[in-house]
Amino acid sequence: MNSLKKIIKNITYALIIVTVNLLSVSEVSAKVQAKKERVRMKMYYSKNDAGERLISIGLTAGSGKKMHGLKNEKVILNSTANDSTFTLAILETDSLGLINLYLANDYKFPMDENGISIIKASYGGDDTYRSISKELEIADIEFDFTFEIDDSVKYLIIKANKIDREENKTPINELDIKIGVQRLYSVLPIDIVETNEDGIGKLEIPDDLPGDAEGNLTFVAKIEDHDEFGTVTKSASHEWGTPVSYEVKPLPRQLYTDEAPIWMIAAVFITLLGAWYHFFLSISKLIKLKKSA
Amino acid sequence: MNTANISIKDFVHTLEKPSKKWYFWVAVLSIISLFGIYALIRQMIEGQIITGMRDNAVWGIYTANFVFFMGLSYAGALISCTSQLLRIKWTKPLMRMAELLTVSSLIVGAPFILFCLGRLDRIHYLLFYGRIQSPITWDVIAISTDLVFCIAFLYFTHIRDFAKLRDYPNLNTANWRKKMYKILALGYKGTADQKKYLHQAHDIMAAIIIPTAIIAYSLLSLLFSMSLRPGWHSTIFSPYFVVTAGYSGVALLIVVMWIYRKTQKLEDHITNLHFNYLGFALILLTFIYAYFCFSEYLTDWYNQTETLHLLLSKFSDFSQFGWLSLFHIVFAFIVPVIVLGFPWLRSINSVTLVSLFIVLALWVKRYLIVVPTLETPFIPIQDIRPEYVNYSASWVEWALSVSGIAVIILIFTVASKIAPIIPVSEVSDAHNLEKPKLLFKTKGE
């Protein structure tokens with residue numbers, strides 16, 4: 001009986017020790033996990049006028065003034081469609097924690113039957129930073145511009161279509177499109193049009209917009225941060241502007257322009273001429289000295 | 001000062017076949033100079049990232065060296081040319097040292113501004129696309145002109161000594177050197193006509209070098225004062241730079257005199273009188289320099305803007321430029337006044353030691369002109385990594401700076417092996433100088 005008690009006692013001790021150890025190990029691992037810094041990931045998709053696509057990813061850690069980009073960290077970019085996933089690219093963040101992946105206009109994402117591509121960015125984390133991943137659902141969109149004059153009023157008609165895997169076009173309803181005119185440094189906004197069930201939006205264009213020397217205007221249609229299409233820009237030119245001649249007047253001769261003031265050129269040359277005249281005069285004396293030898 | 005009895009014979013032993021010590025000395029200087037070239041090649045290959053210069057402090061000790069060496073050249077030119085024009089007899093033995101100081105510091109100093117360029121391989125663009133409105137273009141034109149003129153003047157003062165060496169019987173030296181003396185002497189025989197022509201050439205060149213050197217050094221100051229930066233934008237910068245140049249040049253000339261006096265045993269030719277006279281010049285320049293410094297800092301201090309206040313506070317902050325400022329004040333103002341002001345402290349050695357510290361203090365002053373201002377920009381700095389904001393010279397910059405000093409010493413070493421460091425002909429004819437050309441005459445002249 002005593003021996004049985006002893007065995008039970010020993011087993012109890014052993015269980016207590018194992019439990020305490022297990023608890024402490026899990027506590028330590030929890031502490032390690034807790035020590036890891038939380039990471040934030042931002043992901044954007046955009047398509048420019050030439051049809052090139054850009055996927056931008058930003059990895060940051062910390063908060064407030066201590067927020068910083070995670071540099072030289074690997075991010076895996078996967079593309080999913082119809083339950084099949086493949087790796088699009090393995091990329092590394094730059095010194096600011098950013099990745100910019102440019103895709104040519106003829107590159108095709110794997111799409112499902114609805115024309116949806118799922119792009120997933122995954123960061124595996126390390127001893128310091130926690131892992132994180134983010135997904136984007138992307139669909140391809142196309143804008144078509146038509147220019148109409150109705151009763152002397154100019155209308156820009158824009159048609160938005162979604163493109164599926166088989167290149168079929170489906171009109172997009174209730175899409176807000178920003179319309180603007182390209183100026184030298186930025187786009188001058190005109191208005192926002194909403195598409196109807198046929199994917200068509202119509203906007204009246206003012207008569208007095210200044211164009212180039214031939215009256216050309218570049219109209220820009222843009223959607224920003226759309227849940228499905230991302231940021232997409234498309235432009236088209238048309239002769240609906242007021243011709244403006246941008247003749248650049250030649251700049252005056254000044255200290256701050258390309259051509260120096262005449263007085264300055266004259267002063268420099270007269271000074272140099274005087275100095276070098278005396279130099280050659282003294283050399284001529286040496287020549288006389290040599291000749292008289 | 002023994003002028004009447006001076007003869008080329010007294011110096012021939014310094015010109016004949018060099019000793020092993022001489023070769024060793026030249027080898028050491030050459031190795032140091034070559035190390036500078038290695039550093040420059042590394043900089044050209046790897047770019048300015050291996051220097052301490054960054055986006056904010058775009059200039060550093062290269063620019064300080066540039067200003068410093070140009071200043072030395074100016075002082076040498078001024079001493080030798082005024083001595084020639086005004087027929088000052090006592091400066092005759094010092095003329096060659098002053099001229100060598102001018103030429104060597106011009107040769108070494110001018111490239112330092114080029115080392116600041118990010119793309120040194122595009123330096124020829126300055127010739128093709130240089131803007132005549134830019135102080136940098138003025139500087140390039142003025143310094144290159146000054147260099148040509150000073151080399152010519154240095155040569156003119158050698159012609160008569162070359163003739164003496166050519167005619168010296170049994171000169172124990174290589175044949176190429178004898179041929180060189182013959183060619184460079186231009187057939188000078190000392191006829192009345194030749195004397196006249198040589199003096200005319202001398203006078204013309206001296207007369208044109210003085211304004212050229214003043215213009216060159218004033219233009220150098222415009223590199224700074226034309227900008228609106230606090231600490232640089234000052235109307236007195238041109239004369240201030242000219243005075244500083246004269247001050248550092250005279251101090252270094254005293255050091256050079258002392259070295260030659262000791263190494264070549266020239267006590268008969270470089271005498272107590274020379275140290276005395278240059279000591280007078282030094283104390284005078286100390287006060288003029290102090291006056292300019294006082295004027296500059298007083299106006300800055302009185303009208304200080306926020307940026308200017310920040311800049312000036314760095315000079316009194318011992319974690320920033322406080323120690324350098326203190327070194328400058330002590331050795332450029334206080335010590336010279338004490339040592340040269342009290343008769344019992346004056347001696348050849350003390351004057352030389354003070355001069356050496358003045359030279360160092362004035363290099364520090366150039367550093368204090370360049371770096372603190374660049375570290376105190378008008379616009380707040382966005383990327384505040386310390387290495388971008390605070391300048392600290394790298395080994396490349398120090399290597400090039402030390403090699404620059406080595407090249408100057410090398411030029412002196414080689415030049416004093418080619419011709420006597422004392423212009424023998426000039427000194428021996430000091431009592432029989434050609435009269436200077438007069439601007440006007442009075443009755444009876």
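The values are calculated or read from the model by the stated rules, or taken from the named source; none is laboratory data. Nothing here was measured: the structure is a model prediction, and the numbers come from that model. Quick reminder, even Gly has a Cβ in these numbers, built from the backbone with ideal geometry, and neighbours come from all protein chains shown.
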Evaluate the following for A:ILE157: is it β-branched (Val, Ile, Thr), in a strand (DSSP E or B) and surrounded by fewer than 17 Cβ atoms within 10 Å (Cβ to Cβ)? yes
Going through segment B:107-116 one residue at a time, which ones are hydrophobic (A, V, I, L, M, F, W, C) and either surrounded by 15 or more Cβ atoms within 10 Å (Cβ to Cβ) or within 14 Å of another protein chain (Cβ to nearest Cβ) (or both)? B:ILE107, B:VAL108, B:ALA110, B:PHE112, B:ILE113, B:PHE115, B:CYS116
Among the residues in segment B:124-138, are any crowded, with 21+ Cβ neighbours inside 10 Å, within 26 Å of the chain's Cα centre (by Cα) and over 16 Å from B:SER416 (Cα atoms)? yes
Of (1) in a loop (DSSP other than H, G, I, E, B); (2) away from chain A (no Cβ under 14 Å); (3) small (Gly, Ala, Ser), B:GLY187 fails just (2)
When A:LYS249 is evaluated against the numbered criteria (1) basic (Lys, Arg); (2) at pLDDT 90 or above; (3) exposed (fewer than 13 other Cβ atoms within 10 Å of the Cβ), which criterion, by number, is the only one it fails? (2)
B:TYR260 passes all but one of (1) in a helix (DSSP H, G or I); (2) at positive phi; which number fails? (2)
Unique residue being surrounded by 17 or more Cβ atoms within 10 Å (Cβ to Cβ), at negative phi, of a type in the set (A, V, I, L, M) and within 11 Å of another protein chain (Cβ to nearest Cβ) when the list is B:ALA201, B:ALA192: B:ALA201
Tell me, which residue of segment B:61-106 that is among the hydroxyl-bearing types (Ser, Thr, Tyr) and at pLDDT 90 or above is surrounded by the most Cβ atoms within 10 Å (Cβ to Cβ)? B:THR102
Quick test of your reading of the structure: B:HIS269 fulfils all but one of (1) in contact with a helix residue (DSSP H, G or I) (Cβ under 9 Å, 6 or more places away or on another chain); (2) assigned to a loop (DSSP other than H, G, I, E, B); (3) within 14 Å of another protein chain (Cβ to nearest Cβ); (4) modelled with pLDDT under 90. Name the failing condition by number. (3)
Flag for A:PHE147 being touching a Lys or Arg at 6+ places or on another chain (Cβ under 9 Å), closer than 21 Å to A:LYS222 by Cβ and surrounded by fewer than 17 Cβ atoms within 10 Å (Cβ to Cβ): yes
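With respect to A:ASP151, is the statement that it is at negative phi and acidic (Asp, Glu) true?
For A:ASP151, the condition - at negative phi and acidic (Asp, Glu) - is not met.
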Considering only residues of segment B:127-136 that are in contact with a helix residue (DSSP H, G or I) (Cβ under 7 Å, 6 or more places away or on another chain) and of a type outside the set (A, V, I, L, M), which is nearest to the other protein chains (Cβ to nearest Cβ)? B:GLN133
Inspect all residues belonging to segment A:124-143 and state whether any of them is under 23 Å from A:GLY241 (Cβ atoms), at pLDDT 90 or above, in a strand (DSSP E or B) and hydrophobic (A, V, I, L, M, F, W, C). yes
Among (1) surrounded by 12 or more Cβ atoms within 10 Å (Cβ to Cβ); (2) part of a strand (DSSP E or B), there is one condition A:ARG165 misses while meeting the rest; what is its number? (2)
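Suppose the filter is at the interface with chain A (Cβ under 9 Å from one of its Cβ atoms), more than 27 Å from the chain's Cα centre (by Cα), surrounded by fewer than 19 Cβ atoms within 10 Å (Cβ to Cβ) and assigned to a helix (DSSP H, G or I); does B:LYS179 pass it?
No: the conditions fail for B:LYS179.
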When A:GLU174 is evaluated against the numbered criteria (1) over 30 Å from B:SER227 (Cβ atoms); (2) in a loop (DSSP other than H, G, I, E, B); (3) without any contact (Cβ under 8 Å) to a residue 12 or more places away in the chain, which criterion, by number, is the only one it fails? (3)
More than 14 Å from chain A (Cβ to nearest Cβ) and free of Cβ contacts under 8 Å to residues at least 24 places away in the same chain: does that describe B:ASN170? yes
Kindly indicate which of B:ILE254, B:ILE283, B:ILE270 is in contact (Cβ under 8 Å) with a residue 24 or more places away in the chain and under 22 Å from B:SER325 (Cα atoms). B:ILE283
Looking only at segment B:205-231, and only at residues there that are without any contact (Cβ under 8 Å) to a residue 40 or more places away in the chain and surrounded by fewer than 23 Cβ atoms within 10 Å (Cβ to Cβ), the one that is nearest to the other protein chains (Cβ to nearest Cβ): B:PRO211
Quick one: in segment B:313-344, which of the residues that are at pLDDT below 90 and either aromatic (Phe, Trp, Tyr) or touching a Phe, Trp or Tyr at 6+ places or on another chain (Cβ under 6 Å) (or both) is surrounded by the most Cβ atoms within 10 Å (Cβ to Cβ)? B:PHE342
